[in-house]
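Peer 1: First the structure, which I've put down as structure tokens, then a few questions once you've had a look.
All of the numbers you see were taken from the coordinates with simple rules; none came from a lab. Bear in mind the structure is a predicted one, so any value in this text is a computation, not a measurement. Please note: Cβ atoms are built from the backbone with ideal geometry, for glycine as well, and neighbour counts cover all protein chains shown.
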Amino acid sequence: MIILPLAKEDLKEAKVWYENKLIGLGKRFLSEVDIKIDFIKNNPLSSNIRYDKIHTTVLDVFPFIIHYKVEIDHKTIVIIAVLHTSLDPGKWQSRK
């Protein structure tokens, strides 16, 4: 599993935003992301392909979508972006 630097920045920004709203909420956000990442690790092809070979999965509680690709030849999952559902979905495309 590889989490690209911009995806890590997405996570950091969201955590800080939630933590500023309510102490502990940022940690809860990251916990939910970890749960989805574990799901992706165990079921990499189960999420829908939303864009050209890019899978997406939505967090259960927070309105965020994880964008990732599966590199079958390398047996690697690459998380490209973790973005709020209200953002322009094209924002992540420059990260491919």
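Peer 1: Compute the distance in nm between two label points, each set 7 Å from the Cα along the Cα-to-Cβ direction, one at Leu22 and one at Ile2.
Peer 2: Between Leu22 and Ile2, the label points sit 3.7 nm apart.
Peer 1: Another question, if that's okay. Determine the alpha carbon to alpha carbon distance for each of Lys8/Lys69; Lys41/Lys69; Lys12/Lys53; Lys21/Lys41; Lys15/Lys36 and list only those over 20 Å.
Peer 2: Long pairs (Cα-Cα over 20 Å): Lys12/Lys53; Lys21/Lys41.
Peer 1: Using the count of nearby Cβ atoms within 10 Å as a rough guide to exposure, how do Val61, Val33 rank from fewest to most?
Peer 2: Val61, Val33
Peer 1: May I ask you to derive the FRET efficiency for Lys12 and Lys75 from their Cβ-Cβ distance with R0 = 30 Å, giving the value to the nearest 0.05?
Peer 2: So the FRET efficiency works out to roughly 0.65.
Peer 1: What residue among Lys27, Lys75, Lys15 shows peak mean-square fluctuation when the chain is described by a Gaussian network model with Cα springs under 10 Å?
Peer 2: Between Lys27, Lys75, Lys15, it is Lys75 that shows the largest mean-square fluctuation.
Peer 1: Same structure, new question: Can you give the direction-averaged projected area of the convex hull of the alpha-carbon atoms in the chain, in nm²?
Peer 2: Convex hull of Cα atoms, orientation-averaged projection: 5.8 nm².
Peer 1: Based on other C-beta atoms within 10 Å, arrange Leu25, Leu45 from fewest to most.
Peer 2: Leu45, Leu25
Peer 1: Related question: Below 8 Å between Cα atoms, with a sequence gap of 6+, how large is the relative contact order for the chain in percent?
Peer 2: Contact order relative to length: 27 percent.
Peer 1: Between Asp34 and Asn48, how many nm apart are label points set 7 Å from Cα along the C-beta direction?
Peer 2: Calculated label separation equals 2.9 nm.
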